[in-house]
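The values are calculated or read from the model by the stated rules, or taken from the named source; none is laboratory data. All values derive from a computational prediction rather than experimental measurement. Note that we place each Cβ from the backbone using ideal geometry, even for glycine, and neighbour counts take in every protein chain shown.
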């Protein structure tokens, strides 16, 4: 099994290109099932999750083609893929495929909307809480689907097509909003989604669906209105920049020191996180086509954070921010409100010398003068990159095991950091 080896203590200086957002690319790829025409997606990151979803779509009969390289493209920049679902031969998504990545469960929406049936295994994915699919099922039932759970599979059917409806989510759900958007686009009549997720990835999906012929208003607000259409067409769409990758590298610079320009990204995608990062003492400025991050000479200030749905502080940056706070001057408190099991990185950070105390959904971090390298174990995607950030700032050598988590969500991580002076390498098993 591959490992990441880091010799810490080196400031980061240079430029890092930001990849397309995994959390946007996945629902966009799934949306290809809504039409028999070709959907072309640009700026798709090269990640294990993208490859896994490609296999799942291929199992349904979706043809997949990677467009040849274009001028300026490298292994650190996104690829362009074409997906054509003109000959869907199977509306079942089996356990052995869906269990590897929970977002793949969302195929239930376009399969049901277009073909009137779907049989999809209950999902797997990161072990960061139960993350149930009950709200996704509720949305489909509101649209008229008949759903039963049989031997670990969600079996969904509709005899005469889905019908527009009022969908009022009791709590904000990104997955539920994705599913409702896709299903309602091919439903008869008007659908109103209340308490909809406002994340940029939801807006990106809506923008693509509109290009495909959907009639959607209000994406990015708590109330989205969809007028169903009879059929969808093909389109070309560019995946938006990855705000979580942007925030991750920004926190790495804030923790290690240095001066880095994050290219091909947008500050408006993560204002809350950047505002908080500025409060810790990092200097953040917008530059043409990106963001510049510098660490001032006054050290890292302790700041309290509570995770919230967008536009609040993202749960997907909580572990990275905790790594930063381990070297802050003073005590910080980090409250996790989204997932109940998202503090698994705490014990691994403690191996590097961090002082963190847990009280339910609250982590109390006492900043220390320095961290020291040690062997650590990745537990999930975001936790694993928090260990990378901590290792970059720690004295001596840090070895991170089980790095396959990183390959699910960070494109060319070692190469991007190495180009800024980090002493980091992958040790092949």
When residues of the stretch 145-157 are limited to those that are crowded, with 21+ Cβ neighbours inside 10 Å and modelled with pLDDT of 95 or more, the one nearest to residue 219 (Cα to Cα)
145
When restricted to 358, 349, the only residue assigned by TED's automatic domain parsing to the domain that holds residue 251, over 24 Å from residue 14 (Cα atoms) and part of a strand (DSSP E or B) is 358
Could you say whether any residue in the stretch 403-422 is part of a strand (DSSP E or B) and over 18 Å from residue 243 (Cα atoms)?
no
When the stretch 361-384 is examined, which residues are found to be modelled with pLDDT of 95 or more and assigned to a helix (DSSP H, G or I)?
none
Name the residue, out of 14, 61, 9, that is more than 20 Å from the chain's Cα centre (by Cα) and not assigned by TED's automatic domain parsing to the domain that holds residue 405.
61
Residue set 203, 107; condition surrounded by fewer than 24 Cβ atoms within 10 Å (Cβ to Cβ), in contact with a strand residue (DSSP E or B) (Cβ under 7 Å, 6 or more places away or on another chain) and not in a strand (DSSP E or B); output residue 203
Leading residue by the ranking (nearest to residue 11 (Cα to Cα)) among those in the stretch 269-284 that are touching a residue at least 40 places away in the same chain (Cβ under 8 Å) and surrounded by fewer than 21 Cβ atoms within 10 Å (Cβ to Cβ)
276
In the set 265, 246, 191, the lone residue that is assigned to a loop (DSSP other than H, G, I, E, B) and crowded, with 20+ Cβ neighbours inside 10 Å is 265
Just checking, does the stretch 229-237 include any residue being assigned to a strand (DSSP E or B) and within 24 Å of residue 322 (Cα to Cα)?
no
Give the stretch 110-135 a look and list any residue that's in a helix (DSSP H, G or I) and modelled with pLDDT of 95 or more, or say none.
110, 111, 112, 113, 114, 115
Counting residues that are closer than 30 Å to residue 175 by Cα, which strands (runs of 3 or more DSSP E) fully inside the stretch 1-73 reach at least 1?
12-17, 38-44, 63-66
Can you tell me which residue is surrounded by the fewest Cβ atoms within 10 Å (Cβ to Cβ) among those in the stretch 285-317 that are part of a helix (DSSP H, G or I) and touching a helix residue (DSSP H, G or I) at 6+ places or on another chain (Cβ under 7 Å)?
316
